[in-house]
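Below is one structure; the comments refer to it alone.
We did not get these values from a lab; they are worked out from the coordinates using the rules stated. Every value quoted in this text rests on a predicted model; they were computed, and no experiment measured them. Cβ placement follows ideal geometry from the backbone for every residue including glycine, while neighbour counts extend to all protein chains displayed.
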Amino acid sequence: MSRRAITRDDAVESIEAIRSVLDRTTRYTHISWAAIVMAGAAAGLSAGAGWAFDISPVAKPASFLLLWAGTLIAAGAFGCATTARNARQAREPFWSRKLQVVTLGFLPAAVLGSVITVLLADTGRLDLAPGMWMGLYGVGILAVGHVLDWEFQVTAWAFLVSASMALFPLRDRPHIAMLLAFGGIHLGLGAFRYFKERR
């Protein structure tokens, strides 16, 4: 009876170990909490600058696009650097199969976002851009959610909710909408990932 119980326990432990290994090999875990916090901080600074200098998407469309394009480039560059560092520490290639899945899965939303931004700029409706960016960002994350941890899927839905807020009650306050979404949600996710990695 004792030997049978021990054998059953060993089998359960083996199954759990296999599940753990499979989970690590199928999930992309090199997205650094520091990169997420940096993205949130950059968005917060840009939102503050946009509000302070009254960079309206309707009155100053070129300045508005330049401000947020610069924010995207800065956050993306820092994210790539920290991702490469994490990959090196894990003794994995930077352009791994999992990163390819994430990139290709997110690409359609990014391309569509660029096309819609050009359209909105051409028609003088850049006031709709923040909400569209949030919605497509959330859709992009959901598209690759199967290889990311669960908190990223929660983040995606938070951006979809933020998109509806930015398109309706906060349409005339684009920098506040961007602060709450790209700033606040990223900072919250980054803090959660930090404590999760510490554990």
Point-to-point label distance, TRP95-CYS80, nm (Cα→Cβ direction, 7 Å offset): 1.1 nm
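At a temperature of 20 °C and a viscosity of 1.002 mPa s, determine how fast the range 73-175 diffuses translationally according to Stokes-Einstein, using the Kirkwood radius over alpha-carbon pairs as Rh; express D in µm²/s, rounded to the nearest whole number.
Working: Rh = 15.0 Å.
Rounded, D is 143 µm²/s.
Test of the criteria: in the range 124-199, which chymotrypsin sites (Phe, Trp or Tyr not before Pro) are in a DSSP loop and have at most 15 other Cβ atoms within 10 angstrom of their Cβ?
Numbers: sites: TRP133, TYR137, TRP150, PHE152, TRP157, PHE159, PHE182, PHE192, TYR194, PHE195; in loops: none.
Within the range 124-199, no chymotrypsin sites (Phe, Trp or Tyr not before Pro) qualify (loop, at most 15 other Cβ atoms within 10 Å).
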Using alpha-carbon coordinates, inclination of helix 33-52 to the longest axis of the chain, degrees: 10 degrees
Degrees between helix 150-167 axis and first principal axis of the chain (Cα, 0 to 90, nearest 10): 20 degrees
Helix 61-89 vs. the chain, principal-axis angle (Cα, 0 to 90°, nearest 10): 20 degrees
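How big is the shadow of the Cα convex hull of the chain, averaged over all directions, in nm²? Write out the running numbers ahead of the final one.
Working: hull surface 53.4 nm².
So the mean shadow area of the Cα hull is 13.4 nm².
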Contact order relative to length of the chain, as percent, for alpha carbon pairs under 8 angstrom and 6 or more apart: 31 percent
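Given the rule -39500 (n - 2.57) for each run of at least 4 DSSP H residues, summed and divided by the residues of the chain, what is its mean residue ellipticity at 222 nm, to the nearest 500 deg cm²/dmol? Walk me through the numbers before you get to the answer.
Numbers: 8 runs with 152 residues, N = 199.
Taken over the chain, the calculation gives -26000 deg cm²/dmol.
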Dipole magnitude of the range 30-198 about its Cα centre (Cβ charges: Lys, Arg +1; Asp, Glu -1), debye to nearest 20: 460 debye
